[in-house]
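> Starting off with a structure, shown below.
The values are calculated or read from the model by the stated rules, or taken from the named source; none is laboratory data. Everything numeric in this text was worked out from a predicted model, so none of it was measured. All Cβ positions, even for glycine, are placed from backbone atoms using ideal geometry, and neighbour counts span all protein chains on display. In case anyone asks, the SASA skips ligands and DNA or RNA and just uses the protein heavy atoms, side chains included. Shrake-Rupley method; radii C 1.70, N 1.55, O 1.52, S 1.80 Å.
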Amino acid sequence: MSIHESIIDTIGNTPLVRLSRLHPPGNLVAKLEYTNPGGSVKERIALAMIEAAEASGELRPGGTIIEPTSGNTGVGLALVAAVRGYRVICTVPDKVSQEKRDLLRAYGVEVVIAPTEYGPDHSDSYYGVANKLASEIENSFQPNQYYNEANPRSHYESTGPEIWEQTEGEIGVWVAGVGTGGTITGAGRFLKERKPSVEVVGADPKGSIYTQGPGGEIHQYEVEGVGEDFYPVTVDLDVIDRFIEVSDEESFAMARRLPRTEGVLTGGSGGLAVEAGLQVAREETGRLVVVIVPDSGRGYLSKLFNDEWMASKGFTT
Ligand code: PMP
């Protein structure tokens, strides 16, 4: 019989798909993380952070998980918590769309809204509110994906080995968008240990610290889930050989092209990573390039897949 005992057992083991309609030489392949049960790469770290906290005693039966997040990490935590019997509270800034709030609530998450205008150090910001709730609620735990070593470790233990086995060691380049840096760091470290010649390439939105540097021109951009304005603890820059800067326009153009050419529906960060991967794959067609596709495009139908929204932001479609 092939019956999973819970939805948790279906996390990971995502497929690698060759993008040869987009790049006929055939050396560009995508790891489709939207085939995870909650639709994104973040279920891997949610499971790892919860299991680490259970093991350390930080999270005890019946406990409450509190995280400032509006997106994929919240869904990942919710899905694991549902099966394990934990309560989840997500604090989110009020700019977050109704759709995203509803998605979290569908999984039973208690959503607490905080004003977007306050910086992370302000007690009324969504970070501040999460800290306050964590101090007030007994048996509560904050995973904190930007500081939690279980984040990169989950990719060292699952994403990296999967790619190694799926490519039978033929991987030449590992390309990933960088947010917390957990994906690129964990999988990159594993792959380099197995094969030191593997090149690790970070894809970064224009305006983010990874390509701008701390003193650079850091500014807002539209692509979600990648790029930062500070260096998270979870990224190890020594694992990353180089970064490729990708604009919002290029990221969205690729995200819109992928469903039409490959039947692959992803968001802006998937478009960003595939655009960077395509540039690398063109440099040398003998090297196999593996690129991460972190989530589905379904969450962005009213944004980058909507012509009016694109026009309102000044992007040509
Ligand atoms: N894309 C999306 C949509 C994400 O939510 C994230 C996670 N922030 C990433 C890419 C980047 O992954 P990581 O945090 O592991 O660098």
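> Residues of region 278-311 being outside any loop (DSSP other than H, G, I, E, B), of a type outside the set (Asp, Glu) and touching a helix residue (DSSP H, G or I) at 6+ places or on another chain (Cβ under 8 Å), which ones?
First pass over region 278-311, keeping only residues outside any loop (DSSP other than H, G, I, E, B): 278-283, 288-293, 295-300, 307-311.
Then drop every residue that is not of a type outside the set (Asp, Glu), which leaves 278-282, 288-293, 296-300, 309-311.
Across region 278-311, the qualifying residues are 278, 289, 290, 291, 292, 293, 296, 297, 299, 300, 310.
> Now for a separate question. Given the criterion away from the ligand (no atom under 12 Å from the Cβ), in a strand (DSSP E or B) and not hydroxyl-bearing (Ser, Thr, Tyr), identify the matching residue among 245, 250, 275. Walk me through how you get there before you give the answer.
Details: 250 fails: in a strand (DSSP E or B); 275 fails: in a strand (DSSP E or B).
Testing whether each residue is away from the ligand (no atom under 12 Å from the Cβ), in a strand (DSSP E or B) and not hydroxyl-bearing (Ser, Thr, Tyr) leaves just 245.
> Same structure again: For region 278-310: of the residues being of a type outside the set (Val, Ile, Thr) and within 9 Å of the ligand (Cβ to nearest atom), which is nearest to residue 171 (Cα to Cα)? Break it down stepwise before answering.
Initially, region 278-310 is screened for residues of a type outside the set (Val, Ile, Thr), giving 278-279, 281-284, 286-288, 294-310.
When the remaining residues are screened for being within 9 Å of the ligand (Cβ to nearest atom), the result is 294-295, 299.
Details: 294: 19, 295: 22, 299: 30 Å.
Checking each candidate, the answer is 294.
> Going through 227, 202, 172 one at a time, which residue ends up being small (Gly, Ala, Ser), surrounded by 24 or more Cβ atoms within 10 Å (Cβ to Cβ) and either part of a strand (DSSP E or B) or out of contact with any strand residue (DSSP E or B) (no Cβ under 8 Å at 6 or more places or on another chain) (or both)? Step through it out loud before you land on a result.
Values: 227 fails: either part of a strand (DSSP E or B) or out of contact with any strand residue (DSSP E or B) (no Cβ under 8 Å at 6 or more places or on another chain) (or both); 172 fails: surrounded by 24 or more Cβ atoms within 10 Å (Cβ to Cβ).
Going through 227, 202, 172 in turn, just one is small (Gly, Ala, Ser), surrounded by 24 or more Cβ atoms within 10 Å (Cβ to Cβ) and either part of a strand (DSSP E or B) or out of contact with any strand residue (DSSP E or B) (no Cβ under 8 Å at 6 or more places or on another chain) (or both): 202.
> Just wondering, is there one or more residues in region 67-74 that are of a type outside the set (A, V, I, L, M), part of a strand (DSSP E or B) and open to solvent by less than 80 Å² (accessible area, probe 1.4 Å)? Step through it out loud before you land on a result.
Filtering region 67-74 down to residues of a type outside the set (A, V, I, L, M) leaves 67-74.
Then drop every residue that is not part of a strand (DSSP E or B), which leaves 67-68.
With open to solvent by less than 80 Å² (accessible area, probe 1.4 Å) added as a condition, the list becomes 67-68.
For region 67-74, residues of a type outside the set (A, V, I, L, M), part of a strand (DSSP E or B) and open to solvent by less than 80 Å² (accessible area, probe 1.4 Å): present.
> Moving to a separate point now. Would you point out the residue of region 91-128, among those that are in a loop (DSSP other than H, G, I, E, B) and within 18 Å of residue 302 (Cβ to Cβ), that is least open to solvent (accessible area, probe 1.4 Å)?
The qualifying residue least open to solvent (accessible area, probe 1.4 Å) is 96.
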